[in-house]
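Data first, discussion second: the structure below is written as structure tokens.
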Amino acid sequence: MLRASKVRTSKSKSPYARPPTRGAVVASRASTRMPNVTSSSSGPSTVAVTESTGRIYDRSQSLPVPVVQPTVQPVLDRARAPSDQTVEPSVAGSSTNTDGIWVVGSSIIHWAQKYAQQNIDDNLGLTSQRIIWQGIRGMVWSRLYQTIKEILRQCNRHPTLLVIHCGGNDIGNPRNTLKGLQKYMKLTVSKITRLLPKTIIVWSHILPRRNWSLCLSNKDGENWRTRLNSALATFVVKKVCGASIKYPDILSTQGTLFRKDGLHLSDLGNELFVTSLKNALLQFMSSTDRFYPLIKQ
């Protein structure tokens with residue numbers, strides 16, 4: 001193996017010593033073999049923060065907030081469902097209002113929409129806003145931002161409210177750490193607020209499960225879920241002036257709220273989930289002041 005010679009500075013150099021040309025040549029050759037490395041930007045480094053001006057729609061005043069990069073890369077979903085290739089949002093209602101409510105997430109949202117179609121209606125009884133559902137079965141957090149961008153491209157309008165219910169399928173993945181996943185999720189929410197600056201972001205709490213298949217134990221999975229919910233709810237409410245929705249009636253995995261797989265909600269569980277979501281949206285629509293205190297953190 002070739003090595004670049006080192007020049008000693010502690011002793012005087014002999015007048016008969018050969019100039020260290022070989023070492024310089026080796027060093028130059030080594031430098032020519034080094035590949036060009038181009039640093040890539042991981043995204044904007046500021047978070048849009050809206051000041052309280054009496055109305056939640058005012059996001060004109062922004063303060064730069066440094067964003068910490070995640071310590072690990074999110075796990076990409078290798079087995080993508082056919083719906084991942086082309087996102088086709090399900091639009092409920094016939095309102096021509098330029099705004100709307102987007103409900104985006106994983107299979108919990110998919111089955112909640114199915115339940116609403118059969119028992120209430122797609123628009124959950126709302127008349128002044130239309131609901132756009134986008135529930136992708138098996139959805140992981142790394143697909144959230146692109147999904148929202150695709151809905152925006154198809155609808156060509158910003159929503160009044162964006163409900164995010166995602167992240168449960170990332171819990172316990174061995175390529176993630178809890179701290180790294182928290183940072184990555186916050187970074188994504190910050191990107192969404194820049195993409196939709198006039199939209200109110202609502203964090204929908206990750207629901208418990210009977211079986212956390214990627215975790216060493218169900219107790220470990222519940223610990224991840226609790227800490228992620230706390231971190232994201234605090235970030236959304238305090239940093240982007242949004243809101244969060246809890247589901248206190250679905251905190252227990254006992255009884256008949258879940259299917260046999262311990263992951264998806266039963267009809268009773270979907271009824272509780274949809275009812276809580278509907279009540280939160282109705283409170284928002286009936287509020288004349290800042291709405292997020294009405295939906296408890």
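Here are the numbers for this structure:
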read-out: Sorted by Cβ neighbour density within 10 Å, fewest at the top, the residues SER252, SER266; value: SER252, SER266
read-out: Cut-off under 5 Å, modelled amide H: who pairs with PHE258 long-range; value: SER266
read-out: Amide H partners (placed H, <5 Å) of ILE245, local residues excluded; value: TRP203, SER204, HIS205
read-out: ³J(HN,Hα), Karplus 6.51/-1.76/1.60, whole Hz, each residue of the range 221-226, x for Gly, Pro; value: x, 5, 5, 4, 4, 4
read-out: Likely footprinting exposure, CYS166, CYS215, fewest C-beta neighbours within 10 Å first; value: CYS215, CYS166
read-out: C-alpha center-to-center spacing [the range 110-148, the range 216-251] in angstrom; value: 20
read-out: Cα lying deepest toward the dipole's positive end in the range 98-294, options MET139, GLN182, GLY125, charges on Cβ; value: GLN182
read-out: Sequence of ASP122, ASP261, ASP170 once ranked by neighbouring C-beta atoms within 10 Å, starting from the fewest; value: ASP261, ASP122, ASP170
read-out: Per-peptide average of other Cβ atoms within 10 Å, ordering 100-113, 133-146 highest first; value: 100-113, 133-146
read-out: Rounded to the nearest 20 debye, dipole of the range 98-294 from Cβ charges on Lys, Arg, Asp, Glu; value: 800
read-out: Counted charge near THR275, where neighbours are those whose Cβ lies closer than 14 Å (Asp, Glu -1; Lys, Arg +1); value: -2
read-out: Label-point gap, in nm, between ASN211 and LYS238 - each point 7 angstrom along Cα→Cβ; value: 3.8
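All of the numbers you see were taken from the coordinates with simple rules; none came from a lab. Predicted model, so just to flag it, every value in this text is computed and none were measured. When we count neighbours, we look across all protein chains shown, and the Cβ atoms used for this are built from the backbone with ideal geometry, even at glycine.
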